[in-house]
Structures are given as C-alpha cells and as structure tokens.
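As structure tokens, the structure follows; a few thoughts come after it.
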Amino acid sequence: MHTTDPYMQLLGLETRLVEPGRAVVAAQVRPEHLNIHGACHGGFLYSLADAAFALASNSHGTAAVALTTQMQYFKAVQAGEHLEAHALEEHLGRRTATYRIEVRSNGRVVALFTGTVFRFAEG
C-alpha cells in the first residue's frame with residue numbers, strides 16, 4: 001500500500017503511522033496554508049484529516065473510497081504550528097467502514113473529521 005500521494009507531497013504532509021484501522025499524518029502549517037484572516041485554511045486541515053482517513057481505511061488491504069465525510073473546526077491554527085491527524089477505525093464492516101480523525105496541535109484537538117468508506121470486494 002502507498003503511504004503518500006502527489007497531493008500529500010504538494011501540501012507537505014508526512015505519514016507517521018499506518019496500522020490496520022489506524023493512521024497518523026503530520027504537517028507544519030506554512031504561510032501558503034493560510035486563509036484571508038491569516039489563520040490556517042480549513043481546506044488544509046480537511047486535506048490533512050482526509051489523508052489520514054484514506055490511509056487508515058485502506059490499511060486492511062481492501063480498496064476503500066469515501067462515501068461521506070464531515071468536518072468540524074474548533075480552534076484557529078496559526079503558521080508554524082505542527083499538526084497531526086490521528087485516524088481511528090470506529091466500525092469495520094464487509095462493505096463499509098467508519099473512521100474518526102482528530103486533528104491535533106500541541107495536544108489539543110483543533111478539528112474533528114468523521115468519514116465512512118465503501119470497501120470493494122476482495123480479489
């Protein structure tokens with residue numbers, strides 16, 4: 001299984017952990033990741049969480065693609081902050097699976113992403 005892709009590389013995302021049902025992806029917030037208010041862009045936070053979601057949901061060796069996602073933003077993040085997205089499998093079924101991804105900065109949860117995937121038939 002690939003643990004990075006061209007989009008992750010473009011954004012500077014680094015895979016820290018991939019285990020069955022789990023993944024951790026990290027990033028440093030750079031000036032080009034900021035929005036018009038000078039805080040980290042929500043799209044960057046979403047991309048970080050989505051990368052961890054993709055790695056965790058494909059970690060069992062069965063191809064999985066997103067069916068639905070939701071993102072909640074709790075705290076503003078500034079340039080220079082180090083972020084980690086921690087993905088954890090909440091439910092694994094034959095055809096679907098659901099994941100919870102916490103985006104953290106300095107030990108605090110700054111955003112919460114949840115997502116469900118469709119799992120293709122093996123073989």
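The values are calculated or read from the model by the stated rules, or taken from the named source; none is laboratory data. Every value quoted in this text rests on a predicted model; they were computed, and no experiment measured them. Reconstructed Cβ throughout: ideal geometry from the backbone, glycine too, with neighbour counts over all protein chains shown. Note: areas computed on protein heavy atoms with side chains; ligands, DNA, RNA excluded. Shrake-Rupley method; radii C 1.70, N 1.55, O 1.52, S 1.80 Å.
Taking one quarter of the surface of the convex hull spanned by the alpha-carbon atoms of the chain gives a direction-averaged projected area of 7.1 nm². Using the Cβ of residue 10 as centre and a radius below 13 Å, the other residues enclosed give a net charge of -2, where K and R count +1 and D and E count -1.
Between residue 68 and residue 37, full extension at 0.36 nm per residue minus the direct alpha carbon distance yields a gain of 8.3 nm. To put it simply, the accessible area of the chain at a 1.4 Å probe is 53 percent carbon and sulfur.
Placing a pseudo-label 7 Å from each Cα along the Cα-to-Cβ vector at residue 95 and residue 109 gives an inter-label distance of 3.0 nm. Among residues other than residue 122 with Cβ under 12 Å from its Cβ, the summed charge is +3 (Lys and Arg +1, Asp and Glu -1). Once the 1.4 Å probe is applied to the protein heavy atoms, the range 6-119 comes out at 50 Å² accessible per residue. Expressed as an acute angle from 0 to 90° and rounded to the nearest 10, what is the orientation of the C-alpha long axis of helix 42-57 relative to the principal long axis of the chain? Value to nearest ten degrees: 30. A Gaussian network model of the chain, with springs between Cα atoms under 10 Å, assigns the largest mean-square fluctuation among 22, 108, 100 to 108. Which longest run of the chain has no exposed loop site in it, a site being chymotrypsin sites (Phe, Trp or Tyr not before Pro) in a DSSP loop with at most 14 other beta carbons within 10 Å, and the site itself not part of the run? Of all site-free stretches, the longest is 1-73. If you take the Cα centroid of the range 1-77 and the Cα centroid of the range 93-115, the two points sit 10 Å apart.
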